[in-house]
1. Could you grab me the full set of residues in segment 189-207 that are within 18 Å of LEU270 (Cα to Cα) and away from ligand 2 (no atom under 16 Å from the Cβ)?
2. For LEU84, which of the numbered conditions (1) surrounded by fewer than 16 Cβ atoms within 10 Å (Cβ to Cβ); (2) within 16 Å of ligand 1 (Cβ to nearest atom) fails to hold?
3. Failed condition for SER26, given (1) within 16 Å of ligand 2 (Cβ to nearest atom); (2) touching a residue at least 40 places away in the same chain (Cβ under 8 Å), with all others met?
4. For segment 177-233, list the strands (runs of 3 or more DSSP E) that sit wholly inside it and hold at least 1 residues that are over 25 Å from LYS167 (Cα atoms) and at pLDDT 90 or above; which are they?
5. Within segment 159-194, track down each residue that is hydrophobic (A, V, I, L, M, F, W, C) and within 16 Å of ligand 1 (Cβ to nearest atom).
6. Go through (1) charged (D, E, K, R); (2) over 20 Å from MET164 (Cβ atoms); (3) touching a helix residue (DSSP H, G or I) at 6+ places or on another chain (Cβ under 9 Å) one by one and return the number of the condition ASP109 breaks.
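The values are calculated or read from the model by the stated rules, or taken from the named source; none is laboratory data. Source: prediction; values computed, not measured. Note that each Cβ is placed from the backbone with ideal geometry, even for glycine, and that neighbours are counted across all protein chains shown.
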Amino acid sequence: MGIIKAEDLSYNYIKLGEDEKTEEVSEAVRNVSIDIHAGEFVAILGHNGSGKSTLAKHMNALLLPTEGTIWIDGRDSRDEDALLAIRQTAGMVFQNPDNQIVAGVVEEDVGFGPENMGVPTEEIWERVDRSLEAVGMTAYRKSSPNRLSGGQKQRVAIAGVMAMEPKCIVLDEPTAMLDPGGRREVIRTVRELNRKKGITVILITHYMEEVIHADRIYVMDEGQVAMEGTPEEIFTQVERLKELRLDVPQVTELAYGLRKRGVPLSPCILDEEQLVKEILEVRAGNVHNA
Ligand code: ADP
Ligand code: MG
């Protein structure tokens with residue numbers, strides 16, 4: 001069993017209608033089955049309202065399934081006795097960095113989680129050191145978080161989660177409020193945590209460019225898993241992705257258009273460098289057997 005496994009998971013939000021008597025049911029997640037292995041970098045893509053956040057909130061028992069089951073490191077999220085262990089296994093990073101900052105100094109902010117967990121003081125500082133180092137924010141440890149850029153704040157938020165030493169980090173659109181520079185910073189940080197520290201990463205986003213390095217991608221639509229595969233398998237299905245209202249990276253779409261017109265390029269091109277290289281090869285006569 002993977003570190004996060006869901007079987008036929010469904011979740012309904014129920015709210016009262018305007019007459020305050022009838023109930024309105026919103027089926028946010030429907031029959032989702034996923035299996036994420038320790039050490040994987042998994043991306044979850046989907047347009048707004050496709051159920052990504054609702055699914056993410058099941059990964060550390062912020063929400064409990066209406067139907068079906070989710071296990072976090074083998075623990076059923078409905079098991080109340082396992083709640084603390086579940087919260088420590090899967091750390092969450094949310095969209096808005098400002099809502100995640102709790103202290104007036106960066107190092108205190110990062111130490112807040114382990115302190116709450118009852119980690120001994122000396123070890124807290126070791127963890128703070130390691131976490132700030134891992135996200136490249138050591139130089140700012142004495143700064144006020146308010147003075148940081150959005151990307152830096154998110155890196156501090158990630159360090160705060162790291163300091164709790166989770167096996168798995170779930171990031172729910174961590175770059176949605178950042179400028180392109182901040183987005184790159186955060187994605188680079190997350191990739192490094194995955195590769196160097198072996199932390200399982202679940203990155204939720206609607207920016208396709210951010211998921212080209214994922215090991216695997218799930219695409220959600222109307223609460224369901226609509227596609228699953230490697231970036232190559234997913235990004236070659238340009239028309240299907242558009243049906244699911246996702247923006248395909250410009251370079252991938254251009255390559256796809258060229259291929260349709262008979263230019264022999266490989267089936268999935270995800271970055272400019274690769275496209276340029278292949279076009280030069282085509283011009284030189286080294287045609288791909290695509
Ligand atoms: P995403 O993160 O992909 O944008 P969400 O999981 O936030 O999607 O939402 C999935 C569906 O559930 C949407 O139709 C949304 O309107 C609905 N929804 C989300 N949160 C609530 C809530 N607190 N109450 C009622 N409906 C909700
Ligand atoms: Mg969301």
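1. ARG191
2. For LEU84, the exception is condition (2).
3. (2)
4. Once the strands (runs of 3 or more DSSP E) in segment 177-233 are filtered for at least 1 residues that are over 25 Å from LYS167 (Cα atoms) and at pLDDT 90 or above, what remains is 216-221, 224-229.
5. Within segment 159-194, VAL170, LEU171, ALA176, MET177 qualify.
6. So ASP109 meets the others, but not (2).
Residue by residue, here is whether (1) more than 16 Å from ligand 2 (Cβ to nearest atom); (2) over 29 Å from PHE235 (Cβ atoms) holds:
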position: ILE34; (1), (2): yes, no
position: ASN48; (1), (2): no, no
position: SER53; (1), (2): no, no
position: LYS57; (1), (2): no, no
position: GLU80; (1), (2): yes, yes
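Rundown of residues vs (1) surrounded by 21 or more Cβ atoms within 10 Å (Cβ to Cβ); (2) in contact with a Leu (Cβ under 7 Å, 6 or more places away or on another chain), yes/no style:
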site: ASP8; (1), (2): no, no
site: ILE14; (1), (2): no, no
site: GLY17; (1), (2): no, no
site: GLU20; (1), (2): no, no
site: GLU27; (1), (2): no, no
site: ALA43; (1), (2): yes, yes
site: LYS52; (1), (2): yes, no
